[in-house]
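Only the coordinates and a few stated rules stand behind these numbers; no lab work does. Keep in mind that what you see is a predicted model, and the values were worked out from it rather than measured. Quick reminder, even Gly has a Cβ in these numbers, built from the backbone with ideal geometry, and neighbours come from all protein chains shown.
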Amino acid sequence: MKRSVALFALLLAACSSLDKNDPTAGWSAAKLYQEAKESLDSGQYDLAIKHYETLEARFPYGRYSQQAQLEIAYAYYKQNEPASAVAAAERFIKLHPNHPSVDYAYYLKGLVYFNEDLGVFGKVSRQDRTERDPKSARESFDAFKDLVQRHPESRYTPDALARMKYLVNALAYHEVHVARYYMKRGAYVAAANRAQYALKNYPQAPAREEALLIMARAYDVLGMPELRDDAERVLRRNFPDSAHLKSTLSRLGR
């Protein structure tokens with residue numbers, strides 16, 4: 001019994017010592033939130049994250065805690081920690097599906113993946129596009145799609161739609177680039193299939209012109225005149241003034 005009392009006293013003393021070393025000890029939820037928000041606004045993202053985490057740990061219920069859960073996702077995003085940002089956004093969506101700001105959580109999730117996508121499809125990189133994984137672009141598109149479908153009146157929806165358009169074009173171009181890669185290496189069946197995939201999944205993307213051209217050339221080499229003619233017919237109907245079409249017909253001797 002005496003040992004238990006002594007141990008309890010030691011624990012209390014240890015906790016008291018920790019509290020004295022913690023400058024936030026005794027802060028209210030409002031104070032913690034204010035300090036976290038000021039740190040976030042001033043670009044001190046590590047400190048903001050620390051305050052938000054402390055706020056949620058000490059005051060797990062209430063509006064300050066909910067707001068902290070949302071804003072910590074943004075802090076992680078600005079801190080260039082995409083995995084943590086996405087996890088925080090998804091957690092907020094799961095815990096508060098009817099929150100007035102849940103639309104922002106969807107938008108932020110899409111934005112995180114979108115910026116990763118820029119690293120995938122950005123023109124600055126010299127990496128071969130066939131080696132790049134378009135997973136981030138697809139994840140971004142899906143997040144923005146959720147936002148648009150669930151919250152069509154959200155103030156973030158117009159920007160999400162614009163980004164979705166970019167993503168569709170980027171994904172289509174990726175598929176066509178891979179198809180072109182296969183053509184150069186004589187993998188004509190793979191080239192035709194990849195081009196057909198781009199047409200089927202991204203029918204409005206500008207890259208569909210080149211996809212049709214690749215299909216026409218691949219089917220011609222493979223000795224499949226009916227499929228070649230079908231691709232050419234669709235190409236003529238949709239791109240009657242295509243310089244690529246004239247070049248392809250000349251190359252095929254027609």
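Using a Förster distance of 35 Å, how high is the FRET efficiency between ASP46 and ASN169, based on the Cβ-Cβ distance and rounded to 0.05?
0.45
Residue by residue through region 46-51, which ³J(HN,Hα) values in whole Hz follow from phi under the Karplus form 6.51 cos²θ - 1.76 cosθ + 1.60 (θ = phi - 60°), with glycine and proline marked x?
4, 5, 4, 4, 4, 5
Below 8 Å between Cα atoms, with a sequence gap of 6+, how large is the relative contact order for region 142-228 in percent? Mind dumping the intermediate values first?
Numbers: 91 pairs, mean separation 20.2, N = 87.
Relative contact order here is 23 percent.
Whole-Hz Karplus ³J(HN,Hα) for region 165-174, in order, using 6.51 cos²θ - 1.76 cosθ + 1.60 and θ = phi - 60°, x for Gly and Pro?
In residue order, the calculated couplings are 4, 4, 5, 4, 5, 5, 5, 5, 5, 4 Hz.
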